[in-house]
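Here's the structure we're looking at; comments come further down.
A short reminder: the numbers here are calculations on the coordinates, not readings from a lab. Predicted model only: the values in this text are computed from it and were never measured. As a convention, Cβ positions derive from the backbone with ideal geometry for all residues, glycine included, and neighbour counts pool all protein chains shown.
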Amino acid sequence: MTRNYEGLIILNTKGIDGSIEDLISSVGKEIEAEGGKLDEVQQLGRRQFAYPAKHLDGGHYVNYLFEADSAAIEKIQSRLKLNDHVHLQHYQTR
């Protein structure tokens, strides 16, 4: 059964080769590769953290709205854990 999800992902933009838009679209493609169907991508911009985390003082926040099976969420999380540019990810149903 597919559900609507909202995935807030904080991207580490230090040392990226291309633009931020390329990084955002590549993460979206990874979500789609694991069975998610993107509805909307909302760029929330760069924000500072309250305290440094993993040697970062801030990150680029992106909200991905998509449809997926509940089993696909675990696959998406596992895949994005391997991506060095994904600092933090959080998913919830909408």
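Observations, loosely collected:
- Peptides 32-40, 15-23 ranked from most to least packed by the mean count of surrounding Cβ atoms within 10 Å: 32-40, 15-23.
- Degrees between helix 70-81 axis and first principal axis of the chain (Cα, 0 to 90, nearest 10): 20 degrees
- Two-site FRET efficiency, GLU40 against ILE16, from Cβ-Cβ distance with R₀ of 22 Å, rounded to 0.05: 0.45
- Options ILE9, HIS55, PHE66, ranked by Cα towards positive dipole end of the range 2-87, top entry (Cβ charges): HIS55
- Largest GNM mean-square fluctuation across ASN12, ASN83, ASN63, computed for the chain with C-alpha springs under 10 Å, falls on ASN83.
- Cα Rg over Rh - the chain, Kirkwood: 0.96
- For the chain, the relative contact order comes to 49 percent (Cα pairs under 8 Å, sequence separation of at least 6).
- Computed from Cα atoms, the angle from the helix 20-33 axis to the main principal axis of the chain rounds to 30 degrees.
- The local environment of ASN63, defined by Cβ-Cβ distances under 12 Å, has a net charge of -2 under the rule Lys, Arg +1 and Asp, Glu -1.
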